[in-house]
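The values are calculated or read from the model by the stated rules, or taken from the named source; none is laboratory data. None of these values were measured; they are calculated from a predicted model. So basically every Cβ, Gly included, is an ideal-geometry build from the backbone, and we count neighbours across all protein chains shown.
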Amino acid sequence: MDFRKIQLPREIHTGEGVIEETGSICKDLMFKDKVLVVSGPNTLKIAGEKAIESLQNENFDVETFIIDNASKSAVLEVQEASKDVSVVLGIGGGRVIDVAKLAATRNNIQFISAPTAASHDGIASPRASIKNEKGSVSLEAQSPIGVIADTEIISQAPFRLLAAGCGDIVSNYTAVLDWKLSYRLLNEYYSDSASALSLMTAKMTLESADAIKEGHVESAALVVKALISSGMAISIAGTSRPASGSEHKFSHALDIVAPKPALHGEQCGIGTIMMMYLHGGDWKYIRDTLRTIKAPTTARELKLDPECIIEALTMAHTIRKERYTILGDRGLTKEAAEELATATGVI
């Protein structure tokens, strides 16, 4: 028989000021003695210091590790620093969380995710995006045993990050369409339950677009919950398929060709507009909703030249070749890519 293991967060804590409960949360999860807090230079001041104080109040021996980027060397350094701790806490943005998550996975140590921004679904997913010489690579990792999402802190992060998180959620629409296509054409494994959760998450986010505003704790809570649900859909599926398709291939291609890529979620949002056009779906609804959220919908808003968009579209099919999408095996010609980007107003 074919057995599968589904790993989901055991506890999810959200709300204003919940970062100050980090110590008691770790105590309730039965962690003891030494813990490692991984953070960034800024996020340590924003949230890490509050978490450390809370941990010390519960008699934890706290080690701190500061990282600047999500690189292979950073993962190795955190691995070395976390060999004798009971849990690793990633307190920061996506880079911090991905590095801490992967290092904890490789050391077979539990991991807690404490995001300071809601910019992508990695805060609760069993994947980690790590930079390499060719851009970035998505690697398998463990799901966090716990998520501590302080909505007050997240609401104070630059609104661009929250809007990018919405772009990552919206991309679930085309990701699921691509997955269904591969299921029908290639008999790839497909999960109805994971797809349903992924689509419900995207639908609820788009329908709440008018309520997503800068500086609102309620807006931060809405997007955080959606990102966590999206991450859980990935866990249920055992693959990132319900949240990553042709639009993510486009984003990863942009990471390679663009002199200065935009945020992951921003690129995925624009990719979703174009890939929905290829699928024959309501791409205008996706575009208009992203505009409502004040997420970028054009190359100009990404501060990228049209040539970057076209080049990324023509090479996107070469990213993760084993993952079949609407782009097919041969991809788009330059002429088709230009017509697609023009028709959708991206260039």
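Of note:
- If the condition is being touching a residue at least 12 places away in the same chain (Cβ under 8 Å) and assigned to a loop (DSSP other than H, G, I, E, B), then the stretch 276-295 contributes Gly281, Lys294, Ala295.
- Qualifying residue in the stretch 38-50 (condition: of a type in the set (Asp, Glu) and touching a residue at least 12 places away in the same chain (Cβ under 8 Å)): no
- Taking the stretch 1-112 as the region of interest, the strands (runs of 3 or more DSSP E) fully inside it that hold 1 or more residues being of a type outside the set (Val, Ile, Thr) and closer than 30 Å to Ser219 by Cβ are 11-15, 34-39, 87-92.
- Checked against the criterion of being free of Cβ contacts under 8 Å to residues at least 40 places away in the same chain, more than 16 Å from the chain's Cα centre (by Cα), surrounded by fewer than 23 Cβ atoms within 10 Å (Cβ to Cβ) and not assigned by TED's automatic domain parsing to the domain that holds Ser240, the stretch 128-137 contains one or more residues that satisfy it.
- For Gln79, the conditions (1) farther than 18 Å from Thr22 by Cβ; (2) in contact (Cβ under 8 Å) with a residue 40 or more places away in the chain; (3) not β-branched (Val, Ile, Thr) all hold with the exception of (2).
- For the condition under 22 Å from Glu301 (Cα atoms), surrounded by fewer than 24 Cβ atoms within 10 Å (Cβ to Cβ) and of a type in the set (Ser, Thr, Tyr), Tyr277 qualifies.
- Of residues in the stretch 101-126 being small (Gly, Ala, Ser) and in contact with a helix residue (DSSP H, G or I) (Cβ under 6 Å, 6 or more places away or on another chain), the one farthest from Lys34 (Cα to Cα): Ser119
- Candidates Ser198, Ser182, Ser191, Ser171, filtered to the one that is touching a Cys at 6+ places or on another chain (Cβ under 7 Å), modelled with pLDDT of 95 or more and farther than 16 Å from Ala220 by Cβ: Ser171
- Just so you know, in the stretch 296-318 the residues that are among the aliphatic types (A, V, I, L, M) and assigned to a helix (DSSP H, G or I) include one that is surrounded by the fewest Cβ atoms within 10 Å (Cβ to Cβ), and it is Met315.
Residue-by-condition table, conditions (1) small (Gly, Ala, Ser); (2) over 30 Å from Glu152 (Cα atoms); (3) buried (at least 24 other Cβ atoms within 10 Å of the Cβ); (4) not assigned by TED's automatic domain parsing to the domain that holds Ala337:
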{"residue": "Asp192", "(1), (2), (3), (4)": "no, yes, no, no"}
{"residue": "Val217", "(1), (2), (3), (4)": "no, no, no, no"}
{"residue": "Gly238", "(1), (2), (3), (4)": "yes, yes, no, no"}
{"residue": "Ile256", "(1), (2), (3), (4)": "no, yes, no, no"}
{"residue": "Gln267", "(1), (2), (3), (4)": "no, no, yes, no"}
{"residue": "Trp283", "(1), (2), (3), (4)": "no, yes, no, no"}
{"residue": "Lys294", "(1), (2), (3), (4)": "no, no, no, no"}
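- From the list Glu247, Glu335, the one residue that fits, being surrounded by fewer than 20 Cβ atoms within 10 Å (Cβ to Cβ) and assigned by TED's automatic domain parsing to the domain that holds Leu181, is Glu335.
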